[in-house]
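Comments concern the structure below.
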Amino acid sequence: MAGKLFYLMGSSGAGKDSLLKLCLDRLQNQPVLVAHRYITRLPEHEGENHIWLPAGEFRKRRALGLFAMHWSANGYHYGIGCEIDLWLARGHHVLVNGSRAFLAQAQERYGAVLIPVLVKVAPDQLRRRLIDRGRETPDEVENRVARSARFAAGILPGTATVDNSGELEQAYRQLADLLDLPADALAENALSERAANES
């Protein structure tokens, strides 16, 4: 049976990277894989754990058909490797950090296999996170908050939502419910992670 492609979307500051990192830690014994992204942007110390590619190498891989999905945003190129198609065919669920603007193309390619998931954050909480990280000007912060609200208001029917306005653990549990994983397996993984951190 083919797996499902969980296509996570959300504004910068919604916490998608933190949520996916937690999935990597917690779901090691489950048939769920987190796809890394290939990006023409150098990694940041506390940012997404992506694979950096020079622009020329990215274009070469794109021309060779090595990306299942690819898009451009904010002056950078983003790609998801075609290995995810093999993972899906073998029955694994796949989590990807997707682009809101690329959703229609992704749905055209994957059809019912793709489950769109909006990671949403309350406007005040999103504003606070953006201010705290200090990357944007005040005007840029407000533009991001407004854009996030517009997108959330216009999501299509069938889009699942994960509310990450509060504790990350709560958002993780919501996503785990979408993945339809057994509660005892989740508890076991959480205990294993806690034991590893304490050792």
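The values are calculated or read from the model by the stated rules, or taken from the named source; none is laboratory data. Note that this is a predicted model, so its numbers are computed, not measured. Virtual Cβ from ideal backbone geometry, glycine too; neighbours counted across all protein chains shown.
Some points to look at:
- Test: residue in the stretch 3-15 that is assigned to a loop (DSSP other than H, G, I, E, B) and surrounded by fewer than 15 Cβ atoms within 10 Å (Cβ to Cβ): no
- Top-ranked residue of the stretch 136-175 - restricted to ones that are in a loop (DSSP other than H, G, I, E, B) and over 20 Å from the mean Cα position of the chain (by Cα), ranked as modelled with the highest pLDDT: Thr137
- Test result for Leu95, touching a residue at least 60 places away in the same chain (Cβ under 8 Å), within 26 Å of Ala2 (Cα to Cα) and hydrophobic (A, V, I, L, M, F, W, C): yes
- Of the numbered criteria (1) buried (at least 16 other Cβ atoms within 10 Å of the Cβ); (2) without any contact (Cβ under 8 Å) to a residue 40 or more places away in the chain; (3) among the hydrophobic types (A, V, I, L, M, F, W, C), the one Ala68 fails is (2).
- Every residue from the stretch 77-133 that is in a helix (DSSP H, G or I) and charged (D, E, K, R): Glu83, Asp85, Glu108, Arg109, Asp124, Arg127, Arg128, Arg129, Asp132, Arg133
- Selection within the stretch 73-103 - among the hydroxyl-bearing types (Ser, Thr, Tyr) and either within 13 Å of the chain's Cα centre (by Cα) or surrounded by 14 or more Cβ atoms within 10 Å (Cβ to Cβ) (or both): Tyr78, Ser99
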